[in-house]
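Shown next, in structure tokens, is the structure this report addresses.
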Amino acid sequence: MNKLVKDALVLTCITVIAGFALGLVYEITKAPIAKAEADALQTAYQTVFADAASFKDLDGFDSAAATDVVQKAGYTDDTIDNCVEALDSSGNPLGYVITVTSSAGYGGKITFSLGITNDGVLNGYSITTISETAGLGMKARDTGEGTFSSQFINRQSEIFTVTKTGATQSSEIDAISAATITSKAVTNGVNAGVTYFNYLVGGAK
């Protein structure tokens, strides 16, 4: 019995010490992780709105209410995580940056920020979280001429569809080869962002 009690006490001590150590590590790393995430988001904002001097949280923004808007429109795999206004150096609004998460990716959730000017022109998207297949779905975050993401730059905002046979209409987006699931996840995420943008500028209730 004494040995059992001793072993139980040793195990309890180890558990308490391990729990304390994990808690300490969490407290030490919490602030740096939060800062890194905030910095990544600011970089994404600047990527999709290079002309902006600053970004302001949208007054009264509510993620649950915004998500409800897009999910009622049929984008049930998407959430609107955040929305900020892009401002020029004089504080005048240039448009919006809408952060969207799609849960329909092949490898899990894809989070990106989408820039849309007040005139309804897309400035493209910038991905902050993605776990798609290397060399396939991961191409969704590639930038530059001829990439998947370039199809969402300087385009009038509308509802897009993915095609595997070559885009022939303004509303069509060429899929990433062998990564149709990723292509549709990102495109529908953009559509969710466009839907929320239309809600904002249309004053819908």
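The values are calculated or read from the model by the stated rules, or taken from the named source; none is laboratory data. All figures in this text were calculated on a predicted structure; none of them were measured in a lab. No Cβ is skipped: glycine too gets one built from the backbone with ideal geometry, and neighbour counts run over all protein chains shown. SASA here: full protein model, heavy atoms, side chains in, ligands and nucleic acids out. Shrake-Rupley method; radii C 1.70, N 1.55, O 1.52, S 1.80 Å.
Observations on the structure shown:
- Accessible area of the chain belonging to carbon and sulfur atoms, whole % at 1.4 Å probe: 56
- Restricting attention to the chain, lysine pairs at least eight places apart or on different chains and with alpha-carbon atoms under 24 angstrom apart total 13.
- Per-residue SASA remark: Thr47, around 80 Å² accessible (1.4 Å probe; ligands, DNA and RNA not included).
- Local charge for Val84 was computed over the other residues whose Cβ lies under 12 Å away, with Lys and Arg +1 and Asp and Glu -1, and equals -3.
- Averaged per residue, the range 155-205 has 48 square angstrom of accessible surface, using a 1.4 angstrom probe with ligands and nucleic acids left out.
- Theoretical gain in end-to-end length, Thr168 to Cys13 [0.36 nm per residue, Cα-Cα removed]: 49.0 nm
- Loop-resident GluC sites (Glu not before Pro) (DSSP state other than H, G, I, E or B) in the range 125-178 with no more than 10 further Cβ atoms inside 10 Å of their Cβ: Glu145.
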